[in-house]
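> My structure is below; once you've seen it, I'll send some questions.
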Amino acid sequence: MRSHWEDMSLYRFVTPHRTGKWYSDLVTAQRQAFAIGAGFRDERTGTFYAYKDTRLEVSEPDLADGPQEIAA
């Protein structure tokens, strides 16, 4: 039986100078992107505005050592 961790993707934003933490959902990653200067999410409309040279990375979790690398 597969765990729910095996079905999840992880998301983070990366700028030329900083790398964000991995988050288990895109909305949380977008909300936290401002902390590293990657962009901001307009909470009223739900639209995310990435700053220049920001990229989104999506990864499947490698949980061989457990989920401790995932931001809560």
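The values are calculated or read from the model by the stated rules, or taken from the named source; none is laboratory data. What you are looking at is a predicted structure, and each value in this text was computed from that prediction instead of being measured. For neighbour counting, all protein chains shown are included, and Cβ atoms are generated from backbone atoms with ideal geometry for every residue, glycine included.
> Scan the stretch 53-68 and tell me whether some residue there is acidic (Asp, Glu), modelled with pLDDT of 95 or more and on the phi < 0 side of the Ramachandran plot.
Looking through the stretch 53-68, at least one residue is acidic (Asp, Glu), modelled with pLDDT of 95 or more and on the phi < 0 side of the Ramachandran plot.
> Kindly provide the set of residues from the stretch 25-48 that are surrounded by 12 or more Cβ atoms within 10 Å (Cβ to Cβ) and over 24 Å from MET8 (Cα atoms), ordered by number.
Of everything in the stretch 25-48, just one residue is surrounded by 12 or more Cβ atoms within 10 Å (Cβ to Cβ) and over 24 Å from MET8 (Cα atoms), namely GLY37.
> For the stretch 7-61, how many residues are among the polar types (S, T, N, Q) and assigned to a loop (DSSP other than H, G, I, E, B)?
Going through the stretch 7-61 one residue at a time, the tally reaches 5.
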